[in-house]
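Here is the structure we will look at.
The values are calculated or read from the model by the stated rules, or taken from the named source; none is laboratory data. Everything numeric in this text was worked out from a predicted model, so none of it was measured. We place every Cβ from the backbone using ideal geometry, glycine too, and count neighbours over all the protein chains shown. These area figures cover heavy atoms from the full protein model, side chains too; ligands, DNA and RNA do not enter into them. Shrake-Rupley method; radii C 1.70, N 1.55, O 1.52, S 1.80 Å.
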Amino acid sequence: MVQTDNGKGGRSSLHGFWSSRLAFILAVTGSAVGLGNIWKFPYIAGQNGGGAFVLVYLLCVFGVGLPIMMSEVLLGRRGRRNPVASMALLGEEEGGTRSWSLIGLSGVVAGFLILSFYSVIAGWVFAYIFKSGAGDFAGADAEQVKTLVQSLEGSWLATGAWHTLFMGLTVFVVARGVERGLEVAVTLMVPALIVILVLLLGYSMTSGEFEMGVRFLFEPDFSKLSAGSVLAAMGQAFFTLSIGMGCVMAYGAYLPQETSIPATAFSVVCADTAIALLSGLVIFPIVFANGLDPTAGPELIFQALPLSFGNMPFGTFFGTLFFMLVGFAALTSAISLMEPAVAWAVESFSVTRARASVIIGLIIWVLGFLSVLSFNVLSDFTFWQGTFLDNLDYLTSNIMLPLGGLMITVFCGWVMCRNASVAELDVGAGNLYQAWRILTRFVAPLAVVLVFLNAIGLLDWLIALF
Ligand code: TRP
């Protein structure tokens, strides 16, 4: 394997570097912006009563998510390897034990689980590109839209075929290693996505129950905030920022030494949050105007959006374009979900990138059928949180990612020596560094632990005890 050195200090890398700071920002933005913003944020906000949930979500994004994202990039760049190897190496250097590699390993597993259901939903988005293009949404009313959704999810063959197509596409891109090309496309995709969302916002403002939608999202009603919804808000913050599983760490490994980590992380987090809020503002006025159920769950946007496109001028065109953009955003996220596993396989088992991608892709594809069947054959087979898809989503977003994030902050804030993080963050040891340090040592880990304790009912018990 060729060792490359960027000549700017730091460890030499086992692989190349991003060509520029912009390339890295685009890659991380491509990873962060995806179904989590457009599909999951509205549906989770709907299920958890809106306002108060959104407030907790924002607190988690900026108070917990942002410092963890910085920590992840920092660890990736310092380790310069795949997340498993980076954590083994840094663990040994800083903490005297290679067991920290478990963070990387659990991240690889989380990536498999997340991508397995992510691909099924992304498959729906691809199906909608064609349905929109065929004019299937034209003049749609709430009843027609529900039938549309049912006809797609009711057929495991159709859902499975779209899932197969999406996984095939993801493997193709990862195997060929053409991600760099896609990153450039992100420069077009993200602004275009924002433009169409703003257009849709115009439609929601004029034809939807806009005021109701705004109130729902921004008027906090704390009586609706259960321990479960606080956990869901935190889980969503992790999911939407792609943190807690080594995804951002894997990308950080290719980051040139001179790039500013805080500035990069901050811009990604802001763009991601803006897109999620915009998506919520587009969806809920339509949901309320058409008597849809805000707690509908994963189907929510697939019911609401055709109503907008079906009844606005040039809806067929904008609808097709919109779903293409969302499909593309999902693809750049899916690629990042595979990256830790692929980089790990390539660096540890001397397989080629292509072979590793195909094998990993096949495993995820098979696993994905649990989620495909969740909507039809196995829709009545529910346990714990619901269907297989519900359980995979809950297990990864609400448990695995926050736990991974907790370990990352503990490592960065408590195990790693201060000089190491000062050097990597490269903002001096002033206020900005101190802010990150406090968030990483105290705020983020405590928040995760408290939200967990709260969710299992132990927090009330502890408070009563004292
Ligand atoms: N953040 C992406 C989205 O919002 C999904 C994603 C990509 C992800 N990589 C991840 C989620 C890593 C959790 C962890 O659609």
Any hit, segment 211-232, residues being within 16 Å of the ligand (Cβ to nearest atom) and open to solvent by less than 50 Å² (accessible area, probe 1.4 Å): yes
Can you name the condition, by its number, that THR147 falls short on among (1) out of contact with any helix residue (DSSP H, G or I) (no Cβ under 6 Å at 6 or more places or on another chain); (2) among the polar types (S, T, N, Q); (3) buried (at least 17 other Cβ atoms within 10 Å of the Cβ)? (3)
GLY368 passes all but one of the listed conditions (1) within 26 Å of VAL190 (Cβ to Cβ); (2) in contact with a His (Cβ under 7 Å, 6 or more places away or on another chain); (3) not basic (Lys, Arg); the exception is number (1)
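Each row is one residue, and each column tells you yes or no for (1) in contact with a Ser or Thr (Cβ under 7 Å, 6 or more places away or on another chain); (2) within 17 Å of THR159 (Cβ to Cβ); (3) away from the ligand (no atom under 16 Å from the Cβ).
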site: MET338; (1), (2), (3): yes, no, no
site: ALA345; (1), (2), (3): no, no, yes
site: SER348; (1), (2), (3): no, no, yes
site: VAL372; (1), (2), (3): yes, yes, yes
site: PHE375; (1), (2), (3): yes, yes, yes
site: ASP380; (1), (2), (3): no, yes, yes
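Can you tell me which residue among ILE261, ILE275 is within 10 Å of the ligand (Cβ to nearest atom), touching a helix residue (DSSP H, G or I) at 6+ places or on another chain (Cβ under 8 Å) and either of a type in the set (Gly, Ala, Ser) or on the phi < 0 side of the Ramachandran plot (or both)? First the steps, then the outcome.
On the way: ILE261 fails: within 10 Å of the ligand (Cβ to nearest atom).
After ruling out the rest, the residue left standing is ILE275.
This table checks each residue for (1) more than 15 Å from the ligand (Cβ to nearest atom); (2) open to solvent by less than 10 Å² (accessible area, probe 1.4 Å).
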| position | (1), (2) |
| --- | --- |
| SER20 | yes, no |
| GLY49 | yes, no |
| ALA52 | yes, yes |
| CYS60 | no, no |
| GLY63 | yes, no |
| SER71 | no, yes |
| ARG80 | yes, yes |
| VAL84 | yes, no |
Failed item in (1) buried (at least 23 other Cβ atoms within 10 Å of the Cβ); (2) away from the ligand (no atom under 15 Å from the Cβ); (3) among the hydrophobic types (A, V, I, L, M, F, W, C), with ILE38 passing the rest: (2)
Specify the residue that is nearest to PHE314 (Cα to Cα); the eligible residues are those in segment 153-163 that are at pLDDT 95 or above and buried (at least 17 other Cβ atoms within 10 Å of the Cβ). TRP162
Looking at PHE239, is it in contact with a Pro (Cβ under 6 Å, 6 or more places away or on another chain), surrounded by 18 or more Cβ atoms within 10 Å (Cβ to Cβ) and either of a type outside the set (D, E, K, R) or at pLDDT below 90 (or both)? no
Single condition GLY428 does not satisfy, out of (1) open to solvent by less than 70 Å² (accessible area, probe 1.4 Å); (2) at negative phi: (2)
Restricting to segment 121-143, name every residue that is open to solvent by 40 Å² or more (accessible area, probe 1.4 Å) and touching a residue at least 12 places away in the same chain (Cβ under 8 Å). LYS131, GLY133, ASP136, ALA138, GLY139, ASP141
Confirm whether VAL125 is within 19 Å of LEU305 (Cα to Cα), touching a helix residue (DSSP H, G or I) at 6+ places or on another chain (Cβ under 7 Å) and within 16 Å of the ligand (Cβ to nearest atom). yes
Only one of these conditions is not met by TYR118: (1) open to solvent by 60 Å² or more (accessible area, probe 1.4 Å); (2) under 30 Å from GLY291 (Cβ atoms). Which number is it? (1)
Taking segment 290-323 as the region of interest, how many residues are open to solvent by 10 Å² or more (accessible area, probe 1.4 Å) and within 16 Å of the ligand (Cβ to nearest atom)? 1
Among all residue pairs at least 6 apart or on different chains, which show Cβ distances below 9 Å where the first residue, located in segment 235-247, is in contact (Cβ under 8 Å) with a residue 12 or more places away in the chain and within 7 Å of the ligand (Cβ to nearest atom) and the second is open to solvent by less than 10 Å² (accessible area, probe 1.4 Å) and in a loop (DSSP other than H, G, I, E, B)? PHE238/GLY244; PHE238/MET245; THR240/VAL33; THR240/GLY34; SER242/GLY34
Lone qualifier among GLY95, GLY76 - being in contact with a helix residue (DSSP H, G or I) (Cβ under 6 Å, 6 or more places away or on another chain) and either within 15 Å of the ligand (Cβ to nearest atom) or β-branched (Val, Ile, Thr) (or both): GLY76
Restrict the check to segment 335-349 and report whether at least one residue is surrounded by 22 or more Cβ atoms within 10 Å (Cβ to Cβ), of a type in the set (S, T, N, Q) and at pLDDT below 95. yes
Within the bounds of segment 189-202, is there any residue that is buried (at least 18 other Cβ atoms within 10 Å of the Cβ), in contact (Cβ under 8 Å) with a residue 12 or more places away in the chain and among the small types (Gly, Ala, Ser)? no
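Would you be able to tell me the number of residues in segment 410-466 that are of a type in the set (Val, Ile, Thr) and either in contact with a strand residue (DSSP E or B) (Cβ under 9 Å, 6 or more places away or on another chain) or more than 22 Å from LEU59 (Cβ to Cβ) (or both)?
Step one: list which residues in segment 410-466 are of a type in the set (Val, Ile, Thr), which gives 410, 415, 422, 427, 438, 440, 443, 448-449, 451, 456, 463.
Checking the rest, the ones that are also either in contact with a strand residue (DSSP E or B) (Cβ under 9 Å, 6 or more places away or on another chain) or more than 22 Å from LEU59 (Cβ to Cβ) (or both) come to 415, 422, 427.
Within segment 410-466, residues that are of a type in the set (Val, Ile, Thr) and either in contact with a strand residue (DSSP E or B) (Cβ under 9 Å, 6 or more places away or on another chain) or more than 22 Å from LEU59 (Cβ to Cβ) (or both) number 3.
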If I filter segment 394-410 for residues that are open to solvent by 10 Å² or more (accessible area, probe 1.4 Å), in contact (Cβ under 8 Å) with a residue 40 or more places away in the chain and away from the ligand (no atom under 16 Å from the Cβ), do I get at least one hit? no
